[in-house]
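Coordinate-derived values only; no laboratory data. A quick note: this is a predicted structure, and the numbers were derived from the prediction, not measured. Every residue, glycine among them, receives a Cβ derived from its backbone with ideal geometry; neighbour counts consider all protein chains shown.
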Amino acid sequence: MLCPGSRCAPLTLAFTRQGSFNVRVFSDERSAAFIALGIAQQTKQTVILICTSGSALYNFAPAIAEAYFSGIPLLVLSADRPTEWIAQQDGQTIFQQDIFGKHVKKFYQLPQEYTHQDNVWVINRMLNEAINLASNQQAGPVHINVPLREPLYPSNQQSIYFTKAQRIIQQKDNESRLSDEIKNLLIQQWKQYNKVLIVSGQQKAHPALTQLLQFNSEKHDLPVVADILSNQHKLESTIQHADAFLGQAPANLKESLQPEMLITFGAGLIAKQVKLFLRNYKPIIHWHIGESDQVVDTYQSLTHTVTTSPETFFTFLSTLDKKESFDKQKKENYCQLWNLEEQKAKELINSFFPTTELGEFEIVKEVIDHLPADATLHLANSMSVRYANYIGLSKAHGNIQVYANRGTSGIDGCTSTVVGHCLANPNKLHVLITGDIAFFYDRNAFWHAHAIPNLRVVLLNNHGGVIFKLIDGPADLKEVDEFFVAKQQLNAKHLCTEFGLDHLVIDNRKKIKNQLKNFFERDNTAKILEIETDSNLNKQIFENFKNKLKERYES
C-alpha cells in the first residue's frame with residue numbers, strides 16, 4: 001500500500017520495480033491505512049504500508065491503533081530525514097521515532113548508512129524480525145522508520161538491481177496445548193459447578209470452533225452468549241439477544257441467570273448490558289481463553305487465564321464426562337432458563353416490525369433479512385452495529401461473515417476498511433451498514449483509481465449522531481443537538497455523482513423490496529442505498545422497542 005511522496009521515492013521504486021509485490025496507490029494516508037487493514041483482515045496476511053516523511057505518517061495512527069487492538073498484521077515503512085536534520089527547520093520533518101508508542105508491537109529504526117556490511121546484516125535481521133512479529137499468533141502492527149539521504153531519485157543512466165538470495169529467518173509458532181496442571185484444575189472445577197456460562201466475544205468466523213461449541217453445548221447443557229460480531233450465528237440455540245432482555249430483566253431473574261463458572265474467549269462485546277450483568281452478578285470462577293499474553297479482566301471476576309486456542313480448550317472440554325442425576329438436572333434447568341429468555345426476546349423483536357413509521361431500525365432488519373448467502377456484512381460503529389446486534393443473524397444466513405472495527409470502536413475508517421475487503425476479495429459482495437457521520441467522515445475511501453463494483457453501502461442518514469439522543473447522559477441535555485449530535489444536512493447524491501457510484505433511495509416502505517433487489521444485484525458499479533430519516537423519530541422507535549422489552553417483565 002503506497003502513499004505517494006518524495007522522501008519515500010527509494011522505497012517506492014524498490015517495491016514497484018522488484019516485481020513480486022501487488023502495489024496499490026492511495027493518496028489519503030488515513031484512508032489508505034484502513035484500506036490496508038481491511039485487506040489484511042480479509043487475506044489474513046501482512047500488508048505493507050509506505051509513506052513519506054512528516055505528518056503523512058501521523059495519518060496512519062487511527063488505523064494502526066485499530067490494528068493493534070484487533071490483532072491485524074500491518075508493517076509500516078516510513079521514510080524519514082537523516083537523524084541530524086530532525087528539528088532543524090527542514091521541510092516535512094517531525095519526530096518519527098516511536099511515533100505510535102504502545103500502539104505497535106515494536107518499533108525499529110534502520111541505520112542511516114547502507115553500505116557497510118554490518119548495516120546490511122542488521123537491516124536484514126530487523127526486517128525478518130519485524131515480518132515475523134507482525135504475523136505471529138498475536139498479530140498486530142509493526143513500524144520501521146527508514147532514514148534516507150538525498151539524492152532520492154536515480155539518474156536515467158543508473159540501474160537498479162536486487163539481490164536474488166536474501167536470508168529469510170523462519171519463525172515457528174509454539175504448539176497450542178493444555179498442560180496437565182490446567183487439565184486437572186479444570187476437571188476439578190467442572191465437577192464442582194453446575195451453572196456454567198460461555199461468552200464468545202468478537203472473532204473471525206471459524207467453522208471448526210463453532211462445531212466444537214455446538215458439541216459442548218449439547219453434551220454439557222451449556223448456554224453460549226454470542227453477539228453478532230462473534231460469528232457464531234450458525235450455532236444452534238446460541239444466546240444472541242442477551243443485550244435486549246438483560247437490559248430490562250428484573251433482579252430476581254438476573255440472580256437466576258448468574259453463573260457460578262464463566263468461560264470467555266474472543267475479543268470484546270458490543271453488548272453493554274451483558275457486561276453490566278456479569279460485573280454485577282459475578283461468577284465464582286472465571287476462565288478466559290486466548291493466545292494473547294495480556295490479562296483482560298473485562299468483567300472484574302477473572303480467576304484463570306489459559307494461553308491457548310479456544311479450539312484446544314473446547315476440544316478438551318468435550319472429553320469431560322457429562323453430569324448425572326441431580327447435577328445434570330440443575331445444568332439443564334440453567335441452560336433452559338437462558339434459552340427461554342432468548343426465545344421470548346426473538347419473538348418480541350420479530351413482532352415489533354414493521355413499525356408504524358419507517359425508521360432506520362426497520363431498514364437494518366430488512367437489509368439483514370435479505371442479505372445474499374455468500375456476502376460479508378460490515379458494521380460501522382455507533383448505532384449501526386447496535387441495531388444489527390439487536391436484530392442478529394441466524395443459522396439461515398449460512399456462510400455470511402461479520403466484521404467491524406471494534407478494537408478502538410472509532411468511526412474514522414469504517415468505509416475504507418470495507419474497501420480493503422472489496423479489493424482483497426473481489427468475488428464476494430461486501431455490504432456495509434453505516435451512519436451518516438461515519439460515512440461522510442471517511443469519504444476519501446472512494447478517492448482512488450481502483451474499481452470496487454462489489455461494494456454495497458447502506459447509509460442511515462439521520463443528519464447527525466443520533467446515538468447521543470439514545471444513550472444516558474447527553475440525551476437529556478439542552479446542548480445535545482448542537483454540541484453532541486452535530487447536525488449536518490448532507491446526503492450522498494452528489495458524492496455518488498462525483499465518484500461514479502449508483503445512488504438508490506428508500507423514502508417509503510413500498511420501495512423496500514425493489515430497491516433491495518436492485519441494491520444486491522451484481523453488476524459493474526458500487527452502490528449506495530440511502531434512507532434519510534428524522535433523528536427524533538428514530539429515537540422514539542428505539543425507545544418504544546425498549547419499552548416493549550420492559551413490558552414483558554411487567555405483565
What do you get for the angle between helix 325-352 and the principal long axis of the chain? Use alpha-carbon atoms, 0 to 90 degrees, nearest ten. 80 degrees
For the residue pair His370 and Trp85, what label-to-label distance in nm results when each label sits 7 Å from Cα along the Cα-to-beta-carbon direction? 5.7 nm
How high is the FRET efficiency from Val296 to Phe499, r the C-beta distance, R0 30 Å, rounded to 0.05? 0.15
Give the range of the longest stretch in the chain that excludes all trypsin sites (Lys or Arg not before Pro) found in loop regions by DSSP and having at most 13 other beta-carbon atoms within 10 Å. 323-477
Quarter of the Cα convex hull surface for the range 355-554, i.e. its orientation-mean projected area (nm²): 12.2 nm²
Using R₀ = 45 Å, calculate the FRET efficiency as 1/(1 + (r/R₀)^6) where r is the Cβ-Cβ separation of Lys517 and Asp180; round to 0.05. 0.20
Sequence neighbours fewer than 8 away in the same chain don't count; with that in mind, list the aspartates and glutamates whose C-alpha is under 12 Å from Lys322. Glu218, Asp221, Glu332
On a 0 to 90 degree scale, rounded to 10, what angle separates helix 117-135 from the longest Cα axis of the chain? 20 degrees
Three-way shape label, the range 191-281, alpha-carbon gyration tensor, a/c 1.5: oblate
In whole Hz, with x marking every Gly and Pro, tabulate ³J(HN,Hα) for the range 287-298 from phi via Karplus 6.51 cos²θ - 1.76 cosθ + 1.60, θ = phi - 60°. 9, 10, 10, x, 8, 7, 7, 6, 7, 10, 10, 4
Give me the angle, in degrees from 0 to 90, between the Cα long axis of helix 207-220 and the longest principal axis of the Cα atoms of the chain, rounded to the nearest 10. 20 degrees
In the structure displayed, which of Lys478/Lys513; Lys527/Lys548; Lys106/Lys234; Lys172/Lys282; Lys254/Lys328; Lys204/Lys517 lie more than 30 Å apart, Cα to Cα? Lys478/Lys513; Lys527/Lys548; Lys106/Lys234; Lys172/Lys282
Percent of Cα-Cα pairs per 10 Å bin, from 0 to the last occupied bin, for the chain, please list those. 3, 16, 25, 24, 18, 10, 3, 1, 0
Just tell me which lysines come within less than 18 Å, Cα to Cα, of Lys323; anything on the same chain fewer than 8 places away is out. Lys183, Lys191, Lys195, Lys219, Lys331
Which residues does a label at Asn508 reach in the range 361-391, if reach means a backbone N under 18 Å from a point 7 Å past the Cα toward the Cβ? 363
Scoring only Lys, Arg, Asp and Glu (+1, +1, -1, -1) among other residues with Cβ under 15 Å from the Cβ of Ala445 yields -2
I'd like the FRET efficiency for Lys164 and Gln45, computed as 1/(1 + (r/R0)^6) with the beta carbon distance as r and R0 of 22 Å, rounded to 0.05. 0.45
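Which of rounded, prolate or oblate describes the range 180-349 when judged by the alpha-carbon gyration tensor and an a/c cut-off of 1.5?
Values: a/c = 1.34, a/b = 1.19, b/c = 1.13.
In terms of gyration-tensor shape, rounded.
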